[in-house]
């Protein structure tokens, strides 16, 4: 019998005020997943829970497949927050996929970057913002990366 897998639903508020609901779980192949299941105003918490229940049933039957890109949520790229991009990057590219020392180094970098940029829209971050950030880090005695 397969081990019980944890399924969680996580809301993320976007810069435009909408909330995107994400299902986090381990699929039938043991791969950690986080996928969007819906967005307000079209989906509330109850509807997101129902969507996640369907995903869970598919995983338990061993038939779940990651949605095709054309079927994924359409999110306005102008509204994406840096913190959301950083979280997705970490979950999909770093966590559990890189050596522990690499993860620690990347986490240390994020600890400096996130307080400054996490709540900002990616589209609003320009070269001058990054140059100012790097200059501030140098003034603090930190080496630029």
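The values are calculated or read from the model by the stated rules, or taken from the named source; none is laboratory data. All figures in this text were calculated on a predicted structure; none of them were measured in a lab. When we count neighbours, we look across all protein chains shown, and the Cβ atoms used for this are built from the backbone with ideal geometry, even at glycine.
Can you give me the ranges of the helices (runs of 4 or more DSSP H) entirely in the stretch 33-132 with at least 3 residues that are on the phi < 0 side of the Ramachandran plot, surrounded by 15 or more Cβ atoms within 10 Å (Cβ to Cβ) and in contact with a helix residue (DSSP H, G or I) (Cβ under 7 Å, 6 or more places away or on another chain)?
82-89, 100-117
Kindly evaluate residue 63 against the criterion of being in contact with a strand residue (DSSP E or B) (Cβ under 7 Å, 6 or more places away or on another chain), more than 17 Å from residue 21 (Cα to Cα), assigned by TED's automatic domain parsing to the domain that holds residue 31 and modelled with pLDDT of 90 or more.
Working: in contact with a strand residue (DSSP E or B) (Cβ under 7 Å, 6 or more places away or on another chain): no; more than 17 Å from residue 21 (Cα to Cα): yes; assigned by TED's automatic domain parsing to the domain that holds residue 31: yes; modelled with pLDDT of 90 or more: yes.
Considered against the rule, which asks whether it is in contact with a strand residue (DSSP E or B) (Cβ under 7 Å, 6 or more places away or on another chain), more than 17 Å from residue 21 (Cα to Cα), assigned by TED's automatic domain parsing to the domain that holds residue 31 and modelled with pLDDT of 90 or more, residue 63 comes out as no.
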